[in-house]
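Read the structure below first, then the notes.
The values are calculated or read from the model by the stated rules, or taken from the named source; none is laboratory data. Predicted model only: the values in this text are computed from it and were never measured. A quick note on method: Cβ atoms are made from the backbone with ideal geometry, for glycine too, and the neighbour counts reach across all protein chains shown.
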Amino acid sequence: MTWLNDRQFQMMIERWRSDNPGQEPDEKTINTLRIQAQMIVDDIKRSQYLEEMEFLYPSGD
């Protein structure tokens, strides 16, 4: 899901730029946005995995 991570990061950079017109993010901001993008993608992957497991092995609640 590298493409998803890249896309999430790009969307976050675009959002940062719209929130900070006329500025460019520094290295610290870029690194923070990369980490946040990875965390979001990890959450998506985890949710998809749990959905798949629930579908394959219903708990019967």
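Per-residue answers, yes or no, for (1) at pLDDT 95 or above; (2) among the hydroxyl-bearing types (Ser, Thr, Tyr); (3) surrounded by fewer than 12 Cβ atoms within 10 Å (Cβ to Cβ):
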position: MET1; (1), (2), (3): no, no, no
position: PHE9; (1), (2), (3): yes, no, no
position: GLU14; (1), (2), (3): yes, no, yes
position: ASP19; (1), (2), (3): yes, no, yes
position: LYS28; (1), (2), (3): yes, no, yes
position: GLN36; (1), (2), (3): yes, no, no
position: VAL41; (1), (2), (3): yes, no, no
position: GLU54; (1), (2), (3): no, no, yes
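Evaluate the range 39-55: report whether one residue or more is closer than 24 Å to THR2 by Cβ, without any contact (Cβ under 8 Å) to a residue 40 or more places away in the chain and of a type in the set (Val, Ile, Thr).
For the range 39-55, residues closer than 24 Å to THR2 by Cβ, without any contact (Cβ under 8 Å) to a residue 40 or more places away in the chain and of a type in the set (Val, Ile, Thr): present.
Kindly establish whether ARG17 is part of a helix (DSSP H, G or I) and over 14 Å from the mean Cα position of the chain (by Cα).
Yes: the conditions hold for ARG17.
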